[in-house]
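Here the structure is laid out as structure tokens; the discussion comes afterwards.
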Amino acid sequence: MANTLAVHDLRFMLFLVAAWMMLGFAGFLRPHSTRFVARLLFPTGSLLCLGIALLAGLFLASGQAAQVVVLPLGLPDLPFHIRLDVLSGFFLLLLGVAGTGISTFAAGYFRSGEGTAPALLGLGYHLFLASMAMVILADDAYLFMVAWETMALSSYFLVTSRHRIPEIRRAGFLYLIMAHVGAVCILLSFGVLQGGSWQFTFDAMRAAHFTPFWATTAFLLALLGFGAKAGLVPMHVWLPEAHPAAPSPVSAMMSGLMLKTAIYGMLRISFDLLSVRFWQWGALLLALGLFSALFGAIFAAVQTDMKRLLAYSSIENVGLIFTAIGLSILFETSNMHLFAALALTAALVHSLNHALFKSLLFLTTGSVLHATKQRSLGKLGGLIRRMPWVASLALIGTLSIAGLPPLNGFVSEWLLLQSFLFTPQLPHAFLNMLIPLGAAALALTFALAAYVMVKFYGVIFLGQPREASLVNAHDANWLERLGLIWLAVGCVTIGAFPQLALLAVAPVTGKLIGQTVRLSSTVWWIAPIAREQASYSGLILLAGILSVVAITFICVRLLAHGRIRRTDAWDCGYPWQTSRMQDTAEGFGQPIRHMFGTFFRMDRNLPSPSDTAPRYRVYIEDRLWRAIYLPIARGVQKLADWIGILQGGRLSIYLLYSFLTLLALLVFVL
Amino acid sequence: MRAISFVRQFVEAALAIAIAPLFTGWIAQCRAWLQNRSAPPLLQPYRMLRKLFLKDVALATGASALFRATPYVLFGTMVLAAAIIPSIVTDLPLARVADSIALVGLFATARVFLSLAAMDIGTAFGTLGARREMMIGFLAEPALLMVLFNAFLLYGSTSLPSLVDGYRAHLSVIDPSVIFAALAFVMVALAENARIPIDNPSTHLELTMIHEAMLLEYSARHLALVEWASSLKLFNYACIGFALFLPWGIATHGADGAGALLIAIAALIGKLTIAGAALALIESLSAKLRIFRAPEYLAMAFLLAVLGLLVHLLVGA
């Protein structure tokens, strides 16, 4: 009985994925009707997301064995192998849960005049969702690459949906290049992984044996490919360009979900397909991850565009996830399986959390964008009074992403710090003294993230409106609110009941590492290693704060009074202050620019004291752009110029080439 | 047995709420003596709170609900933290709710709320204070984490009650790393509580203030709650310090009687008296640093903590 049900699980999921594709094409029934596409197709897609999440959750909870289906599609002799195991189950759960919120929001978000026809947007959007699900379900390299490329292309068309703006075209082009460079690396990695058997199913790859050299080559190629997709420094440059260019639900999907497929791929290859692992890999991932995390946090702090700020924060979060994966490999190769499970748990829980809160925040920027037509932080402010719904839901997202208890961001932060505590026990001299310092870098990153998010929330929603037009800002519509509420509830739920996340992750660590963290039997707290060692209870913290607040409020009201007099804000004896005199986003970034100046290339124009129309301009650039990407671009250009010499434009020269080639071949054959 | 531990929990939280302003008053008194001023009475903070609770709130016209809710949230987080930290007993029902890392997170929650509230009105000073406060926060947190890391290496736990128990079990051996960690902790605690090398609690000079700049728009009961929360925060930091470095007198598991409780309260008051006097001495002897020097100061704290860690790993292991 359980077995027949089990097969249905995967069949049913494939049915839902197919339904997504049908939804995408259904838009062409009425290609120009925003009402039809947005109000009917997107909510249906959102229900399908919920279905995927439920199926994946049931699959994880039931503890069934992996399910396999072979679809006779694709090329002859190369059918699509599809497999649902706990790792894909977890990532499908993540996809489904966050996708539900995003699709619901998107139903309210897309209006006429987004550039592309609504049907095309709907097609791209649903193909994007379906291809992400297929990436996660694929069980052979062929299907994986087909799904991966579909994902890259559909998201490219979504990013460039407002293609009439040159910057957006440029951002899309950069994204396309990086996506393809990454895809080539992944393809090469699979090429190494098939190990001479020319069997491209994942089963064959699991069975193959590798010398350390080839295993490391496959790992490094995978790291390049998936790192480029995930936005690991230095392959991150497309991320702050492409995410802001896309419409907000698409940014949310790219940041919340698509980056996670790269995490999935990395885990699939390094923990599942490769049967051997080396501690050096872990150290490399750890170093790259920590650097990315710090880099992302520092750059996020100096951004003045709200979506770019969030994009850099995504780099930071991906860095944290890679740090945790690296730590897990380090522990695992040192036979410290419990701690490896703890670190991997941190990575997976953080992936889930990031999918929730980053989607939430990207969606709120979408609402702000619709309400104000402004993306620049310097022209926003005071929206908490105009958009109370969006502001209060964004506050939950802000507190979550800043890693503050009792919300969900803190749970994964806490798990990661806990796993760092055991690094001095690593059996590598030096590393066991160096890595604890990584915990300090991590603490710095978390605290910087809080700084960034105070800037984000404070400048957009608090203070006085910096532009007169903001007075007309309107709150989000009900579908948008519903989507935001779904994600915010997710943040609060995982914050209060981290056990849920641990339960969802436990089968995955059980399979990949053979060990799970301690799941305590009470609903009250989590104690992943031992009760005496450390424990945390989000629920009691939340309930405790709320009840003390309530008691204090009642006591103050009973014992004192509730009188309030409305006055002007204190103006320091200078009553001519305007809202432009508030601290700006640039001002908020100033301490960071001051302290971490070596990270930036900064161009700054200061007005002279006698200027009558003073203008202050600061332009910040990533040093890596000039150090790595421009030389590569110049090299490619030069190479193309050289090859261009061949192209003389005269027919006789081309005939000469053919003749010479023929001659050369003849010499070769004879 | 369970009931009595809930009673102890309640007593501890109530005691913290009650004596936190007294601790602030004591520091102010010591400072006045050291600076040759006539000291305010010990109970001055309570009078201040009473006065503030009786006044009418003067609320800026643009203030949002976040601004009005923040004092309560601050007070709530600080009371909860006081209930979690084992200041007099270790056998507390709430003690397992948060280990020391989660406590640092709880303080960060309070800091973020206060910073957001300071930005709410949209005056230049509020935002300036918020920015500086968050800056001090991200500089202090790595150092604080290293201190906790060191404690974890010594006693294998980040949970404060377990640390106290562990320390009591190894009383005879004092690891040299503890000294470095303690120094780093004191430096961080000064910075986090807006004390003198970083901030001056008694200044209202606009350009130099950090903490006070954030409170400019608060008045009456809101201000009272924020002030009370600040003194609770100082009290909490002192108690974390005692739990980490001077856990003598704290009633541990097993020592549950009323006698042990009385001894614990007496020990706590004694430690607070000395710590308050020491704090006043530090504040009187040192000058406030320019804000640009704050990174150096906190980097120093961080280096001390790392040094402690290395000492432990090289010598202790």
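Using Cα centres only, tell me the gap between the stretch B:205-260 and the stretch B:270-303 in whole Å. If we compute the Cα centre of each part, the gap is 16 Å.
The stretch A:596-670 and the stretch A:214-284 have Cα centres lying 26 Å from one another.
Summing Cβ point charges (Lys, Arg +1; Asp, Glu -1) relative to the Cα centre of the stretch A:332-462 gives a dipole of roughly 800 debye.
Overall form of the stretch B:60-155: oblate. Here a/c, set by the Cα gyration tensor axes a ≥ b ≥ c, is 1.5 or more, and a/b is not larger than b/c. The alpha carbons of chain B stretch over 57, 45, 41 Å along the principal axes, in descending order.
Extension gain, residue A:651 to residue A:425, is 74.2 nm, computed as 0.36 nm per intervening residue step minus the present C-alpha separation.
From least to most packed, judged by other beta carbons within 10 angstrom and beginning with the fewest, A:511, B:271, A:358 follow the order A:511, B:271, A:358.
Summary of the geometry: the stretch A:67-120 and the stretch A:355-404, compared by the centres of their Cα atoms, lie 26 Å apart. For the stretch A:35-144, what does the alpha-carbon gyration tensor say about shape, rounded, prolate or oblate, given a ≥ b ≥ c as the root eigenvalues, a/c under 1.5 as rounded, and a/b over b/c as prolate? In terms of gyration-tensor shape, oblate. Only Lys, Arg, Asp and Glu carry charge here, each on its Cβ (+1 for the first two, -1 for the last two); on that basis chain A has a dipole of about 1540 debye about its Cα centre. Counting neighbouring Cβ atoms within 10 Å and putting the fewest first, the residues A:611, A:77, A:9 line up as A:77, A:611, A:9. Note on the stretch A:622-669: Cα-Cα pairs beyond 13 Å make up 70% of the total pair count. By the compact-protein rule of thumb, 2.2 N^0.38 Å, the alpha-carbon radius of gyration of the stretch A:219-278 corresponds to a ratio of 1.25. Each residue of the stretch B:259-266 is assigned a 3J(HN,Hα), and the resulting list reads x, 4, 5, 5, 4, 4, 5, 4 Hz, derived from the Karplus form 6.51 cos²θ - 1.76 cosθ + 1.60 (θ = phi - 60°), x at Gly and Pro.
Taking a Cβ cut-off of under 12 Å around residue A:67, the surrounding Lys, Arg, Asp and Glu residues balance to a net charge of -1, with basic ones at +1 and acidic ones at -1. Stokes-Einstein diffusion for the stretch A:445-533, with the hydrodynamic radius set to the Kirkwood value over Cα pairs and evaluated at 4 °C in a medium of 1.567 mPa s, equals 75 µm²/s. A full extension of the chain between residue A:557 and residue A:468 corresponds to an added length of 28.3 nm, given 0.36 nm per residue minus the alpha carbon distance.
Within the shell defined by Cβ-Cβ distances under 13 Å, the residues around residue A:398 carry a net charge of +2, with Lys and Arg each +1 and Asp and Glu each -1.
What's the FRET efficiency of residue A:214 with residue A:641 using the Cβ-Cβ distance as r and R₀ = 35 Å, to the nearest 0.05? E between residue A:214 and residue A:641, to the nearest 0.05, is 0.45. When the scattering of the stretch B:1-141 is computed by the Debye formula from its Cα atoms alone, each counted once and equally, what is log10 I(q)/I(0) at q = 0.11 Å⁻¹? The Cα Debye sum returns log10 ratios of -0.59. Summing Lys and Arg as +1 and Asp and Glu as -1 over all other residues whose Cβ lies under 15 Å from the Cβ of residue A:606 gives a net charge of +1. Applying both filters, DSSP loop and at most 12 other Cβ atoms within 10 Å, to the trypsin sites (Lys or Arg not before Pro) of the stretch A:610-670 gives A:615, A:650.
Using all pairs of distinct alpha-carbon atoms, the Kirkwood hydrodynamic radius of the stretch A:557-670 works out to 22.6 angstrom.
Principal semi-axes of the equivalent ellipsoid, √(5λ) from the alpha carbon gyration tensor of the stretch A:177-273, are 29, 13, 10 Å from largest down. When the chymotrypsin sites (Phe, Trp or Tyr not before Pro) in the stretch A:150-238 are filtered for DSSP coil states and for at most 14 other beta-carbon atoms within 10 Å of their beta-carbon, the remaining sites are A:198.
Qualifying chymotrypsin sites (Phe, Trp or Tyr not before Pro) in the stretch A:376-452, where qualification requires a DSSP coil assignment and no more than 16 other C-beta atoms within 10 Å, comprise A:430. Under a model in which nothing but the beta-carbon of Lys, Arg (+1) and Asp, Glu (-1) is charged, chain B shows a dipole of about 560 debye around its Cα centre.
Computed on the Cα atoms alone, the convex hull of the protein assembly as shown gives a volume of 203 cubic angstrom per residue. Each of A:411, B:186 was scored by other Cβ atoms within 10 Å of its Cβ. Arranged with the fewest first, they read B:186, A:411.
Where a number appears in this text, it was derived from the coordinates with a stated rule and is not lab data. Every value quoted in this text rests on a predicted model; they were computed, and no experiment measured them. A quick note on method: Cβ atoms are made from the backbone with ideal geometry, for glycine too, and the neighbour counts reach across all protein chains shown.
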